[in-house]
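A.B. asks: My questions all concern the structure below.
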Amino acid sequence: MSSNTQKNLGSTTALSDTQWAQLNQLTPSLTPAQLGWLSGYLAGLAQTQSPENLPMVNPSASEAASPEKFITILYGSQTGNAKALAQGYKAKLDAADIPAKLVNMADYKVKQLKNETHIVAIVSTHGEGDAPDDAVELHDFLSSKKAPKLANLSFSVLGLGDSSYEFFCQTAKDFDKKLAELGATRLVDRVDCDVDYDEASDTWAQQVLDKVQDELKAKSHSHVVAMPHVGKPTLSVATTQYSKKNPYTASLLESQKITGRDSVKDIRHVEISLEDSGIQYRPGDALGVWFKNDPNMVDELLTLLAIDATTQVTISGDTLSVRDALIEKRELTQSYPSFATAYGQLANNPELNALIEDKAGLRAFLGERQIIDIVRQYPVKTNAQSLVDMLRGMTPRLYSIASSQDEVEEEVHLTVALVEYDAHGQAHQGGASSYLTKRLEEGGEIQVFVEKNDNFRLPESSDTPVIMVGPGTGIAPFRAFMQQREVQEAAGKNWLFFGNPNFTQDFLYQTEWQRFVKDGVLNKVSLAFSRDQEDKIYVQHRLLEQGAEVFEWLEQGAYFYVCGDANHMAKDVHAALVEIVQKHGAKSAQAAEEYLTALRRAKRYQKDVY
Ligand SMILES: Cc1cc2nc3c(=O)[nH]c(=O)nc-3n(C[C@H](O)[C@H](O)[C@H](O)COP(=O)(O)OP(=O)(O)OC[C@H]3O[C@@H](n4cnc5c(N)ncnc54)[C@H](O)[C@@H]3O)c2cc1C
Ligand SMILES: NC(=O)c1ccc[n+]([C@@H]2O[C@H](COP(=O)([O-])OP(=O)(O)OC[C@H]3O[C@@H](n4cnc5c(N)ncnc54)[C@H](OP(=O)(O)O)[C@@H]3O)[C@@H](O)[C@H]2O)c1
Ligand SMILES: Cc1cc2nc3c(=O)[nH]c(=O)nc-3n(C[C@H](O)[C@H](O)[C@H](O)COP(=O)(O)O)c2cc1C
């Protein structure tokens, strides 16, 4: 650390002489990689503390402006994107000497709302137009009778979403509407970002900054404290410098099919080496995976469009061949409204044009087509650059981590279902799942990052019982949970509900569960093999059958976890839980819902659904 930096650290929020001595004793022995890791770790540590207790990164700014004159950046994020943007925005405001507080919506004290003068809310949408877990309470509060009048508040909302969904950026729309209804004034109009959100969010951020600059900018630079630079904020700052934008190049150790030869599913156990990366994760976290599209599909697409594969194109200032661009940088296995609109103009086909006007019809059309299906159906002539410009950037896929680092150390394990289906007379595969299970060879390189998920965590006390509901690939995080509870020698009871089509073909990790049971780690396993009999049996049927005992566990303080399909399973499991609480807790349907809401608020009912 430079002496200049040390000299600047003379303010009240800087380190004491003793702390300096301790830091100086440690830092000379660290390698550059370790220093990098430590900076991310410390930044992450700071993020995990209550924002109210955190020193401002730039205290001079807060001192110079009057105490109420700061901007509160509220973020509500499920899979890390809004959080990373909010962190980036905080850094931008710090650099501009604009006092700002960064607060996760989950930690926000609603009583504070009436004292705020400036708020920006950066929030994503999940489920079917639902608020991310961390934003639920604030979202509900703003719609409640308790919400105060906010005539003194200026605000702006940035929404993150995906235009393929029916309720695009719904949570941001709700926040924007509610704040305005409560009397607050928009600094800048809400911006709804699609999956390619970098440019739109940057523009919005700059506009808000320009608006608040004069009012909030600190008057004096005299006490600026040069905190150690922690680099660009990352999605997983608590553990590593690697992030979605700066992924780690890992290598595939193993990809083993764990469904039987006659299974209707191809599910793989995937092991990836994180050797020497310093990456750390916790049970409940997900792994983000950047993948490559199938070169055969890309070649076919280029042939259909009569585009020479070697034609050079430019993406964000980089020049590369159109073939490489389509393999590495563009989303081809999903289709989306922005592509349909641009392609429709080119094709000028009445049928396609009519479809583009019909939102629901277009969603259904796109939901069952990949880009190549649309090109086959409506042939056009275009050039390489136009094609690349019509397509949206690739987005990494997330996979719930199926291992505990206390058990597997520098590895990370996943449970990946290959998405494959026939449609429009052709075989189709999902981009990332086919890359992980089919195209990537053992030893091959893959770019990954850890996506922290504090909304899916084992109880703090290892004595607390847990109930885990994870059909299909939903089993993944529970393998991590059980590895962790075993290493911890946790005294708390564990109950697993698992389901899949057939016992003989689809009992994922069967021998591991058997060993956990034998060793007394797993106390109960309830299985629902849906296709082994005429009538479907699902995990919620098993829950209902054992409702009395499930309720007893809940009353004993058990945590309840659900992982896997969001569209059907998680909703049906919730309905079963309501029924159980009603029946065995002698409550009305409304009281049972309130019971579950209280569990959710106490973090005792957690979901990792997709
Ligand atoms: C937090 C989180 C955790 C996750 N954990 C896991 C996990 O542990 N394991 C796991 O396997 N997945 C998991 N997923 C899902 C995973 O991220 C990917 O979405 C999944 O692997 C599919 O990605 P893909 O790139 O292979 O498919 P894509 O290229 O994204 O293609 C999927 C698209 O194919 C289309 N499609 C799929 N089936 C059909 C069909 N039958 N007919 C017509 N169209 C169809 C749909 O439009 C769908 O959107 C998780 C997701 C999230 C958000
Ligand atoms: N976003 C994506 O692109 C994507 C990609 C892959 C997976 N997913 C999601 O991830 C989920 C997990 O996939 P998976 O293949 O591992 O498992 P899955 O499809 O969820 O199937 C697991 C088990 O759950 C059963 N099931 C079906 N409907 C159910 C319901 N309403 N309630 C409870 N159980 C139900 C299935 O039975 P039957 O099959 O016999 O009915 C099967 O026995 C998928 O359902 C899907 O929603 C999403
Ligand atoms: C399971 C799931 C459901 C989603 N539902 C919606 C939705 O209803 N509307 C929408 O606009 N976006 C939806 N999205 C897209 C997310 O909002 C988008 O990926 C966003 O960038 C996530 O930001 P976050 O990481 O901060 O949560 C969904 C994403 C997932 C994984």
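Just so you know, all these numbers are worked out from the coordinates, no wet-lab data involved. Treat the numbers as computed from the prediction; the structure is a model and nothing was measured. When we count neighbours, we look across all protein chains shown, and the Cβ atoms used for this are built from the backbone with ideal geometry, even at glycine.
A.B. asks: Please tell me the relative contact order of the chain in percent, rounded to the nearest whole number, where contacts are Cα pairs under 8 Å and at least six residues apart.
C.D. replies: The normalised contact order for the chain reaches 13 percent.
A.B. asks: Excluding residue 551 itself, calculate the net charge of residues whose Cβ lies under 13 Å from the Cβ of residue 551, where each Lys or Arg counts +1 and each Asp or Glu counts -1.
C.D. replies: On the way: positive: 583, 587; negative: 545, 549, 552, 555, 579.
So the environment of residue 551 carries a net charge of -3.
A.B. asks: Continuing with the same structure: At a temperature of 25 °C and a viscosity of 0.890 mPa s, determine how fast segment 295-390 diffuses translationally according to Stokes-Einstein, using the Kirkwood radius over alpha-carbon pairs as Rh; express D in µm²/s, rounded to the nearest whole number.
C.D. replies: Taking Rh from Cα pairs, D becomes 179 µm²/s.
A.B. asks: To the nearest µm²/s, what D does Stokes-Einstein give for segment 410-458 at 10 °C and 1.306 mPa s, using the Kirkwood radius over alpha carbon pairs as Rh?
C.D. replies: D, rounded to a whole number, is 118 µm²/s.
A.B. asks: How compact and how long is segment 466-609, expressed as Rg and Dmax of its alpha-carbon atoms in Å?
C.D. replies: According to the Cα coordinates of segment 466-609, Rg and Dmax are 14.7, 42 Å.
A.B. asks: Please report the projected area of segment 333-460's Cα convex hull averaged over all directions, in nm².
C.D. replies: Mean shadow area of the hull around the Cα atoms is 11.2 nm².
A.B. asks: Note down the nm distance, to one decimal, between modelled labels 7 Å out along Cα→Cβ at residue 145 and at residue 128.
C.D. replies: 3.0
A.B. asks: With a ≥ b ≥ c the root eigenvalues of the C-alpha gyration tensor of the chain, is it rounded (a/c under 1.5), prolate (a/b larger than b/c) or oblate?
C.D. replies: Details: a/c = 1.38, a/b = 1.12, b/c = 1.23.
Because its axes are fairly even, with a/c under 1.5, the chain counts as rounded.
A.B. asks: Within a Cβ distance under 10 Å of residue 503, other residues only, what is the Lys/Arg minus Asp/Glu net charge? Walk me through the numbers before you get to the answer.
C.D. replies: On the way: positive: 531; negative: 506, 532.
Its environment carries a net charge of -1.
A.B. asks: For n ≥ 4 DSSP H runs only, could you compute -39500 (n - 2.57) per run for the chain, divide by its residues and tell me the 222 nm figure to the nearest 500? Mind dumping the intermediate values first?
C.D. replies: Working: 24 runs with 231 residues, N = 610.
One gets -11000 deg cm²/dmol as the mean residue ellipticity at 222 nm.
A.B. asks: Tell me the label-point distance for the pair residue 454, residue 591, using the 7 Å Cα-to-Cβ offset, in nm and rounded to one decimal.
C.D. replies: Spacing of the two 7 Å Cα→Cβ label points: 3.5 nm.
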